[in-house]
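> The structure is given below, and queries will be raised subsequently.
The values are calculated or read from the model by the stated rules, or taken from the named source; none is laboratory data. This structure is a prediction, so every number in the text was calculated from the model and none was measured. Neighbour counts run over all protein chains shown; Cβ positions are idealised from the backbone, glycine included.
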Amino acid sequence: MRAFLNRHSSTMLHPWAGAWVAVPVVVVLTRIGYDRHELSAYAALAGALMAILGVLTLGRPLLRLGYDEWLRQSRIIDGGHVAPTPEEQKAELEERRDAQAIQLSGPLLVILGTLLNGTSGFLS
């Protein structure tokens, strides 16, 4: 599984993949709830799903590497080479994406999902 995620991490585990999924889900569920006159319940569901996607986005490094490898890599201090190798360039790109997932998109999804879930009670 981990090998599959490493090969396809650029698309499946992109830091903003959760947002790409969450926005259409929120729009569709809100529209369904509005049509059925149950906007509050569907908005709460949309917010909960958005928060779950945010939590999964926060776990991107662990999903991609596994805990042991993630812990090992977080302890390595590497000065690098004069000319970075392709492996180092790919590792740097994945580290940058991990940082985006942990510091930007994951918390954003969790916060917005929680707010949407919490404010859904006011929509009835």
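> Under the condition of being of a type outside the set (D, E, K, R) and touching a Leu at 6+ places or on another chain (Cβ under 9 Å), which residue from segment 72-101 is modelled with the highest pLDDT?
Ranking the qualifying residues of segment 72-101, first place goes to ALA101.
> Consider LEU109 carefully, then state whether it is out of contact with any Lys or Arg (no Cβ under 9 Å at 6 or more places or on another chain), assigned to a helix (DSSP H, G or I) and either at pLDDT 85 or above or farther than 22 Å from ALA17 by Cβ (or both).
Spelling it out, LEU109 is indeed out of contact with any Lys or Arg (no Cβ under 9 Å at 6 or more places or on another chain), assigned to a helix (DSSP H, G or I) and either at pLDDT 85 or above or farther than 22 Å from ALA17 by Cβ (or both).
> Say whether the condition of being surrounded by 12 or more Cβ atoms within 10 Å (Cβ to Cβ), in contact with a Phe, Trp or Tyr (Cβ under 8 Å, 6 or more places away or on another chain), at pLDDT 85 or above and not in a loop (DSSP other than H, G, I, E, B) is met by at least one residue in segment 43-55.
Looking for residues that are surrounded by 12 or more Cβ atoms within 10 Å (Cβ to Cβ), in contact with a Phe, Trp or Tyr (Cβ under 8 Å, 6 or more places away or on another chain), at pLDDT 85 or above and not in a loop (DSSP other than H, G, I, E, B), one finds none in segment 43-55, hence no.
> Of (1) within 22 Å of VAL21 (Cβ to Cβ); (2) in contact with a helix residue (DSSP H, G or I) (Cβ under 6 Å, 6 or more places away or on another chain), LEU56 satisfies all except one. Which?
(2)
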